[in-house]
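Below: the structure, in structure tokens.
The values are calculated or read from the model by the stated rules, or taken from the named source; none is laboratory data. What you are looking at is a predicted structure, and each value in this text was computed from that prediction instead of being measured. FYI the Cβ positions are ideal-geometry reconstructions off the backbone, even for glycines, and counts take in every protein chain you see.
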Amino acid sequence: MTKELVERLRELLEQARREGRGSEVEPLLRSFLAAPAAPAESPSPDVPITLGMVGDSAEMKRVFALVERIGASDVPVLIQGETGSGKELVARALHDVSGRKGAFLPENCAAVPAGLLESELFGHKRGSFTGAHADRDGHFVAADGGTLFLDEIGDMPLDMQVKLLRVLETHEVRPVGGNKTCKVDVRVVAATHRNLDEMVAERSFREDLMYRLNVVRIALPPLRERAGDVAHLVRFFLGREGRGTRASPQALAALEAYDWPGNVRQLENELRRALALGGDTIETSTLSPDIVAAGNGRPAQGRPG
Ligand SMILES: Nc1ncnc2c1ncn2[C@@H]1O[C@H](COP(=O)(O)OP(=O)(O)OP(=O)(O)O)[C@@H](O)[C@H]1O
Ligand SMILES: [Mg+2]
């Protein structure tokens, strides 16, 4: 995004605040700014992209088919997957397929201090707590007619879990300090890298909420289990730079043999690093030594061996 555009957005936000519409505009702006650089189209015809995601492994095809099948319904969806595996992209794809006219709003439950999450989600009335200088709509109201993406749901405190469950059952929210509820039509998509079944067993996640959120569960496979997708992603990320950089067969083999604990995000960052080091071709010498070392002696992903 250019500096001018950021400046202009800041001015518009200030203006909306002066007009008392700050709480309306802020979440939309945040949703816009939070948008990842989703792959809208393929940089070259041989990169397979479906629903904004690169991949054509059998595992990812199953995910794409599920998103297409349930996209249009408004049932809650739980996306489970390791860090960096693309949970947010799947949530956005669900929103895009749904045709819902409202906004897609992401909220990271782990990033908001426990005491503030209720006001973030449900809004608050002026004077309901120190610092509540004006009425404020929460994300449920801002995402009315759209999709609310509750990321890291496993980190939501137990008292908030009860409140969320009530909203999912009644489709009504009550702002903090308010005495009136308001109807909302919001599709909730939740995601976590944790094992919610284990959390339920040890009582750190409510079983009733798990069943509510888990109407459909999408298990996003880790990158190391998507046979053949590393090569597509490498072509995609290098092609996106538009510099014509390629990976040598040895470098590609090392990347394919690595097991990517940080999944697609880690691969993306590794390629950024390699591109920054320069050259027309990425060689094993331009890759992180630990990635090359870890891959040595292991068969490359998606290849017999
Ligand atoms: N299939 C894919 N094709 C292209 N880019 C992808 C794909 N999957 C993930 N990415 C990219 O990888 C990065 C991480 O994806 P995303 O944020 O969706 O993962 P996540 O599972 O939500 O991660 P975290 O657990 O850390 O929140 C983003 O930059 C995203 O655009
Ligand atoms: Mg995420």
Those residues that are more than 14 Å from ligand 1 (Cβ to nearest atom), part of a loop (DSSP other than H, G, I, E, B) and either in contact (Cβ under 8 Å) with a residue 40 or more places away in the chain or of a type in the set (A, V, I, L, M) (or both), I need them from segment 66-82; list them, please. Ala72, Asp74, Val75, Pro76
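Looking only at segment 201-246, filter to residues that are touching a Phe, Trp or Tyr at 6+ places or on another chain (Cβ under 9 Å) and in a helix (DSSP H, G or I); which one of those is surrounded by the most Cβ atoms within 10 Å (Cβ to Cβ)? Walk me through it before giving the result.
Filtering segment 201-246 down to residues touching a Phe, Trp or Tyr at 6+ places or on another chain (Cβ under 9 Å) leaves 222-224, 230.
Going one step further and asking which of them are in a helix (DSSP H, G or I), we end up with 223-224, 230.
Working: Leu223: 29, Arg224: 17, Val230: 24.
Among those that are touching a Phe, Trp or Tyr at 6+ places or on another chain (Cβ under 9 Å) and in a helix (DSSP H, G or I), it is Leu223.
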For segment 72-82, does any single residue satisfy the condition of being modelled with pLDDT of 95 or more, within 14 Å of ligand 2 (Cβ to nearest atom) and over 20 Å from Asp197 (Cα atoms)? no
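Out of the residues in segment 164-185 that are part of a helix (DSSP H, G or I) and surrounded by 19 or more Cβ atoms within 10 Å (Cβ to Cβ), state the one that is nearest to ligand 1 (Cβ to nearest atom).
From segment 164-185, those part of a helix (DSSP H, G or I) are 164-170; that's our starting set.
In the following step, the residues that additionally are surrounded by 19 or more Cβ atoms within 10 Å (Cβ to Cβ) were identified as 164, 167.
Values: Leu164: 19, Val167: 23 Å.
So the residue we want is Leu164.
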With touching a His at 6+ places or on another chain (Cβ under 8 Å) and touching a residue at least 24 places away in the same chain (Cβ under 8 Å) as the only criterion, which of Gly102, Gly146, Gly123 stands out? Gly146
